[in-house]
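First comes the structure, then the notes that go with it.
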Amino acid sequence: MKKLRVRDILLKKSSNEKLTVLTAYDYPMAFLCDNAGIDIILVGDSAGMVVLGYPSTIPVQMEEMLLFVGAVGRATKHSLITADMPFGSYQTSVNSAIDNAIKLIKAGSDAVKLEGGTEISGTIKALVDSGIPVMGHVGLRPQTSVLWDGYQTQGDTLAAARKIISDAKSLEQAGVFSIVLEMVTDEVTEIISKSTAVPIIGIGSGNNCDGQVLVLHDILGLYGKLKPRFVKQYLNLSEVIHVALSNYINDVRSGVFPSKENIFHMSDDEYSRLKNMLGKGDGVDE
């Protein structure tokens with residue numbers, strides 16, 4: 001499989017080919033996603049919650065994101081890598097946003113993602129003008145929604161719908177190559193998908209999108225603190241891992257592990273020489 005570029009992602013919309021997007025934060029998970037043929041690997045700041053144990057994405061630092069991006073970058077040969085810019089890394093100034101985006105690209109990402117609408121369109125344009133591909137993100141904004149009204153459905157009133165549509169168009173005009181819509185009503189998602197030239201990637205936003213994104217740990221059953229309605233769990237690895245760990249504990253305590261095939265031995269000749277040496281008093285220094 002060839003390495004996907006921004007141009008390939010844009011062409012998928014015109015060819016009506018649905019985009020597949022998953023999060024990944026480390027080498028083994030990114031390798032599995034890449035090998036499976038996922039189009040875009042999102043190194044999300046959700047890593048702060050599912051990997052680092054933070055209560056939200058707000059505490060995530062640039063230094064932490066750079067470590068995650070580096071690991072994913074080393075594992076990925078096919079997927080387009082997009083990295084979340086963490087809270088505080090792009091709000092203070094355009095120059096700061098550019099500097100931090102460059103760090104993520106140097107670490108191994110192919111693009112960056114920012115949360116926000118019309119209010120950050122200028123920053124996005126500056127990033128794009130600097131040669132950095134940008135993915136937009138409107139609707140529910142995890143970095144700041146928790147500070148205002150929590151995790152609520154977006155676009156369920158006329159005013160809210162108009163704001164999201166306006167935000168999406170503003171981001172398209174600023175030069176984004178795709179837009180994530182999070183927890184947006186299906187009706188609003190359909191309007192945006194049909195009225196924009198860039199791919200619309202949904203998370204909890206219905207099936208009228210050009211693609212879907214989910215957190216890998218959610219679909220594999222590895223993160224149980226949050227169970228969003230929009231997640232489809234394809235496997236419960238937590239149960240599988242629990243069984244494996246319980247079996248390991250039982251095997252160690254009962255002496256079943258390690259078994260013969262897990263143990264290394266000296267040759268009979270070398271073992272005999274060792275016993276003779278110890279028998280003569282030439283023991284190991286104490």
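The values are calculated or read from the model by the stated rules, or taken from the named source; none is laboratory data. Predicted, not measured: the structure shown is a model, and the values here were computed from it. Because the Cβ atoms are built from the backbone with ideal geometry, glycine has one as well, and the counts that use them run over all protein chains shown.
Under 6 Å by Cβ, and 6 or more places apart or on different chains, what pairs join a residue from segment 249-274 that is free of Cβ contacts under 8 Å to residues at least 12 places away in the same chain with one that is of a type in the set (D, E)?
Partner pairs satisfying both residue conditions: F257/D251.
Can you tell which of L140, L104 is farther than 24 Å from D8 by Cβ, under 22 Å from the mean Cα position of the chain (by Cα) and buried (at least 23 other Cβ atoms within 10 Å of the Cβ)?
Checking each option against the conditions leaves just L140.
Which one is nearest to R5 (Cα to Cα) among residues in segment 94-120 that are assigned to a loop (DSSP other than H, G, I, E, B) and touching an Asp or Glu at 6+ places or on another chain (Cβ under 9 Å)?
L114
Return yes or no: is D251 in contact with a Phe, Trp or Tyr (Cβ under 6 Å, 6 or more places away or on another chain) and outside the structural domain of D39 (by TED's automatic domain parsing)?
Spelling it out, D251 is indeed in contact with a Phe, Trp or Tyr (Cβ under 6 Å, 6 or more places away or on another chain) and outside the structural domain of D39 (by TED's automatic domain parsing).
Among the numbered criteria (1) over 24 Å from G204 (Cα atoms); (2) of a type in the set (A, V, I, L, M); (3) surrounded by 18 or more Cβ atoms within 10 Å (Cβ to Cβ), which single criterion is violated by L67?
The single condition L67 does not satisfy is (3).
Looking for whichever is in contact with a Lys or Arg (Cβ under 6 Å, 6 or more places away or on another chain), at pLDDT 95 or above and of a type outside the set (K, R) here; the options are D84, D45, D110. Which one fits? Quick ask: steps written out before the conclusion?
Numbers: D45 fails: in contact with a Lys or Arg (Cβ under 6 Å, 6 or more places away or on another chain); D110 fails: in contact with a Lys or Arg (Cβ under 6 Å, 6 or more places away or on another chain).
Answer to the check: D84.
Do we have any residue at all in segment 23-43 that's out of contact with any helix residue (DSSP H, G or I) (no Cβ under 8 Å at 6 or more places or on another chain), crowded, with 19+ Cβ neighbours inside 10 Å and farther than 26 Å from G131 by Cα?
No, segment 23-43 has no match at all.
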